[in-house]
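**Student:** What follows is a single structure, and I will ask about it in a moment.
The values are calculated or read from the model by the stated rules, or taken from the named source; none is laboratory data. The structure presented is a predicted model; accordingly, all values stated were derived computationally and were not measured. Here the Cβ positions follow ideal geometry from the backbone for every residue, glycine too, while neighbour counts run over all protein chains shown. Quick note on the areas: whole protein, heavy atoms, side chains included, nothing else; ligands and nucleic acids left out. Shrake-Rupley method; radii C 1.70, N 1.55, O 1.52, S 1.80 Å.
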Amino acid sequence: MQIYDHPHSFRLESGVQLPQLRIAYNTYGTLNENGDNVVWVCHALTANSDVAGWWPHSVERGRFLDPEKWFVVCANFIGSPYGTTAPLHVNPLTGKPYYGDFPRYTIRDMVNAHRILADHLGIDRIHTLVGCSVGGFQAIEWAVMEPERFDRLSLMATDAVATPWTIAIDETQRMCIEADRTFGEPRNDAGAAGLAAARAIGLLSYRGPSGYNLTQRDVEEYPAPRRAVTYQRYQGDKLVKRFDAYSYHAILDAFDSHDVGRGRGGLEAAVAEIRAKTLVIGLTTDIVFPPDDMRALAAKIPGSVYAEIQSPFGHDGFLVEHEQLNALMIPFMASEV
């Protein structure tokens, strides 16, 4: 992981100024002499900038993020607790961590930080911009904001706007965190039990019934506790060890701000600005961003192509079905614009 400390304050879309902006990022491979081999990956909710760590069989030789061919960049977004300025960071104006006082921010703020990092790295042109889930929120926002910067755009299991369904999922998770009476206390582990419950609910939407029924069936009759029970508790506790409730709550708020049409004459007018050759990828059993919604998204983006991954693992299928993913992405990235 590398760190970039921006030498200026950072103005959020709300008008609030972050006095300091630190951006954590990872790179793989080497930028070529022409500067035309950049692939920028925008990560999802609880991931980080280490793409090779969270996306199996992607940053490997012969895969679509082959570091021998591409210069792959991924930046940890604002508010995420993996190095970039976030709620547990110290506010230089008070000398104390922000915690619940971290200012509200939006997907556009995340993208503006990405733009700052790209300029710092001397990246003018990006061959392929890849966004998965909430990473797709960032990717489509960036493609609308700077259409001339990208040759190709790949959007996986995502949308151009936060729908009532996705907002409801987010609000249910926020309710879990807020129900934890320790949330709001000035300490790093505040709201930990609520965060664990929120994560367990989130996983239900990520995997869906087919994913759970395939992987969490009991091998014995009526064991106690049931396998699905221990899985939910394990996943909740696992996230608590690497995340914090303040960051999670704030990120969900930012996700709900997502609407590329806001202030741009509506969604269809905004996505009509995209100039990148676009591949939209849906997942057959995704209940967060169902295939019908993904097809509708593709229909709105000029000249885009829709493809579908067959998977029983719901929204998480883009992390699991690496053979299908590589079979789609490698020819797309090699195709003529």
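**Student:** Please list, ordered by residue number, the helices (runs of 4 or more DSSP H) wholly in segment 186-287 having 2 or more residues that are surrounded by fewer than 20 Cβ atoms within 10 Å (Cβ to Cβ), in contact with a Ser or Thr (Cβ under 6 Å, 6 or more places away or on another chain) and among the aliphatic types (A, V, I, L, M). Even if it seems obvious, please write down each step before you answer.
**Tutor:** Details: elements: 192-215, 227-240, 245-256, 267-271.
Here the list is empty.
**Student:** For segment 63-77, state whether one or more residues are of a type outside the set (S, T, N, Q), within 30 Å of GLU13 (Cα to Cα), in contact with a helix residue (DSSP H, G or I) (Cβ under 9 Å, 6 or more places away or on another chain) and assigned to a loop (DSSP other than H, G, I, E, B).
**Tutor:** yes
**Student:** Taking the stated definitions as given, is ALA179 surrounded by 13 or more Cβ atoms within 10 Å (Cβ to Cβ), without any contact (Cβ under 8 Å) to a residue 24 or more places away in the chain and over 24 Å from the mean Cα position of the chain (by Cα)?
**Tutor:** On the way: surrounded by 13 or more Cβ atoms within 10 Å (Cβ to Cβ): yes; without any contact (Cβ under 8 Å) to a residue 24 or more places away in the chain: yes; over 24 Å from the mean Cα position of the chain (by Cα): yes.
So ALA179 passes the test.
**Student:** Which ones in segment 1-30 are in a loop (DSSP other than H, G, I, E, B), open to solvent by 60 Å² or more (accessible area, probe 1.4 Å) and among the aliphatic types (A, V, I, L, M)?
**Tutor:** The answer is MET1, VAL16.
**Student:** Could you please give the count of residues in segment 139-179 that are aromatic (Phe, Trp, Tyr) and part of a helix (DSSP H, G or I)?
**Tutor:** Of all residues in segment 139-179, those aromatic (Phe, Trp, Tyr) come to 142, 150, 165.
Now restrict to residues that are part of a helix (DSSP H, G or I): 142, 165.
Residues that pass the stated criteria total 2.
**Student:** Cβ-Cβ below 6 Å, separation at least six or inter-chain, first residue in segment 89-105 and closer than 20 Å to PHE183 by Cβ, second of a type in the set (Val, Ile, Thr) and crowded, with 18+ Cβ neighbours inside 10 Å: which pairs?
**Tutor:** That search, which allows pairs on different chains as well, returns TYR105/ILE78.
**Student:** So is SER247 in contact with a Pro (Cβ under 9 Å, 6 or more places away or on another chain), small (Gly, Ala, Ser) and over 22 Å from LEU153 (Cα atoms) or not? If you could, list the steps in order and put the result at the bottom.
**Tutor:** On the way: in contact with a Pro (Cβ under 9 Å, 6 or more places away or on another chain): yes; small (Gly, Ala, Ser): yes; over 22 Å from LEU153 (Cα atoms): yes.
Judged against the criteria, SER247 is a match.
**Student:** Six or more apart or on different chains, Cβ atoms under 7 Å: show the pairs whose first residue is in segment 305-334 and over 19 Å from VAL41 (Cα atoms) and whose second is of a type in the set (D, E, K, R) and crowded, with 22+ Cβ neighbours inside 10 Å.
**Tutor:** What qualifies is PHE313/ARG207; GLY314/ARG207; GLY314/ASP286.
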